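What follows is a set of notes on a single structure, which appears directly below.
The values are calculated or read from the model by the stated rules, or taken from the named source; none is laboratory data. The structure displayed is predicted, hence computed values, not measured ones. In this analysis, Cβ positions are derived from the backbone assuming ideal geometry, glycine residues included, and neighbour counts consider all displayed protein chains. Calculation scope for accessible area: heavy atoms of the full protein, side chains included, ligands and nucleic acids excluded. Shrake-Rupley method; radii C 1.70, N 1.55, O 1.52, S 1.80 Å.
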Amino acid sequence: MPSSLSSSASLPPTAAPSHAAPDGAPTADTPPTVPAQAHAHAHAQLEAQAHCGAEQHAAPRGGGVRTASVGGLVPPRARPASEPADTASAPARYPRSCVTELRLSAFAGHRRARFLLGAVTLFTGASGSGKSTALRAYEALARLGGGARLAEVFADPVACVPQGARPDAQRRRGFRIGCTADGPAGPVRLDVAVQAEPELRIVGERLSAGGVVLLETALRDPGRRTVQAAWHTGGCAPVTRAPLPDDRLGTALLPLRVAGKTEGQRQVLAAAEQMVVALRSVFACDPQPDWMGVPVPTGTGRLLTGCDNLADVLWRTREECGRRHAALVAALSAGSTGPAGPVVDLRAEPLTDGTVRAVLDRAGGGTELARLGYGELRYLALALVLLTGPGVLDVDPAGEVPAAMQTLTLLADGLDRGLDVRQRAELLRLAVRMAERGHIRCVGAVSDGSWAARTDGVTVVDLGP
């Protein structure tokens, strides 16, 4: 296999951050408190191989991981350092594909960072600690998994290069990100090295599962806009080699390139499809209250990331699924803090010009959404997302996999922005309740996670001051 991730842009030495998670830590949907300890040797070795031409490959030191205890569970037996997590024999814990780990080996302000993701995960820390950066990297992987080109995903790639990174002899600089997707095929790892300067391109990619490298790509000829790829075959020829474009994620292209005739090829397809399904089922949501109360024309009824077409979505969903709509109304009533009384309905009202506007009905009468407060509107929009599915959101899930076998992941930067104490508590309880059903996960960033640290089913990742 070509040596892929060691042939990319040069980056400075990296040290373990205080929030880098250790290997052997529980990775279930509700992981217990993770103690501070060193990475297992197997993981450190793979991270060193993926160091993208850095000046040193030292294994990270144990960092102070501050993660909320979740549900008071007793940690399962940690695997010995000699047993990589990906190869340990265990029954499948995730019937649906989902991302359970995010790795920022060298991305903006993060170095050698590894975050375990539960069903509901909240990043917390002071301003500038990297909360939004972590979510931005997750969203970038999701878009690449959906087939987007690099230039569409990274509008400002130089901003993703670690601060202080020095170029190599060819004046190249870049960054490295990755994730693990768990599911029926077991844990599958994806690591990507991106060159940001002098031109944007993927210079290395590795897909692995069960201790086997299933796909590896490397930049061999800088004059061509391709990388040399080699994927596992397992037949009379151990690997198949072919060029792939350097502006697309190779893993997302494998289902179109691998025949699936041998056991090795079928293993490659299973791993690639699991990773793609996990990444494509992501909805990055940032409600914009200033636009949510504006009347909109009826359209597809699919909620946009800014939730500005909320009235159009309500026009569709209120009639299509009365049970979920009733749950939304109950959630709004539970989070209501004003003197106007409990919420009795949320509806879309048609106007004479052909548009619709959203109206919140209380015991004392109806109120246009434009008259609601900033926090009320954000709470309403996020509750709607948690109670709906991919068919109502502006996402592009894998069409080949039934919706019942997919897990939607909500990415919400500033999850608690504008919410009062009652609203944020009710929203978190709703996220946990929906996550327990297995069809949705939530990864958010909050300014202060102390209020969520004792909530069962929630993982709090503290990035420190």
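Here are some notes:
- Any hit, region 258-272, residues being among the aliphatic types (A, V, I, L, M), within 19 Å of residue 406 (Cβ to Cβ), at pLDDT 95 or above and open to solvent by less than 20 Å² (accessible area, probe 1.4 Å): yes
- Residue 323, sole failed condition from (1) of a type in the set (D, E, K, R); (2) within 29 Å of the chain's Cα centre (by Cα); (3) open to solvent by 60 Å² or more (accessible area, probe 1.4 Å); (4) modelled with pLDDT of 90 or more: (4)
- Candidate set from region 162-179 (those that are part of a strand (DSSP E or B) and either at pLDDT below 95 or not aromatic (Phe, Trp, Tyr) (or both)); member that is most open to solvent (accessible area, probe 1.4 Å): 173
Matching residues to (1) in contact with a strand residue (DSSP E or B) (Cβ under 6 Å, 6 or more places away or on another chain); (2) modelled with pLDDT under 90; (3) among the aliphatic types (A, V, I, L, M); (4) open to solvent by 10 Å² or more (accessible area, probe 1.4 Å):
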residue	(1), (2), (3), (4)
373	no, no, no, yes
409	yes, no, no, no
427	no, no, yes, no
434	yes, no, yes, yes
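- Members of region 348-361 that are under 16 Å from residue 329 (Cβ atoms) and open to solvent by less than 30 Å² (accessible area, probe 1.4 Å): 348, 358, 359, 360, 361
- Elements of the type strands (runs of 3 or more DSSP E) sitting completely within region 180-252 and holding at least 2 residues that are within 24 Å of residue 108 (Cα to Cα): these cover 188-197, 201-209, 212-218.
- All conditions but one from (1) out of contact with any Gly (no Cβ under 8 Å at 6 or more places or on another chain); (2) modelled with pLDDT of 90 or more; (3) surrounded by 19 or more Cβ atoms within 10 Å (Cβ to Cβ); (4) part of a loop (DSSP other than H, G, I, E, B) apply to residue 305; the one that does not is (3).
- Verdict on residue 188 being touching a helix residue (DSSP H, G or I) at 6+ places or on another chain (Cβ under 8 Å), among the aliphatic types (A, V, I, L, M) and either in contact (Cβ under 8 Å) with a residue 60 or more places away in the chain or within 18 Å of residue 274 (Cα to Cα) (or both): yes
- Residues satisfying the stated conditions in region 123-163, i.e. within 16 Å of residue 411 (Cα to Cα) and among the aromatic types (Phe, Trp, Tyr): 123, 138
- Positions within region 330-347 being open to solvent by less than 30 Å² (accessible area, probe 1.4 Å), within 14 Å of residue 366 (Cβ to Cβ) and at pLDDT below 90, in sequence order: 341
- Output for region 115-142, where each listed residue is of a type outside the set (S, T, N, Q), more than 27 Å from residue 152 (Cβ to Cβ) and touching a Pro at 6+ places or on another chain (Cβ under 9 Å): 116, 118, 125, 126
- The conditions of being assigned to a helix (DSSP H, G or I), within 13 Å of the chain's Cα centre (by Cα) and modelled with pLDDT of 95 or more are met by residue 140.
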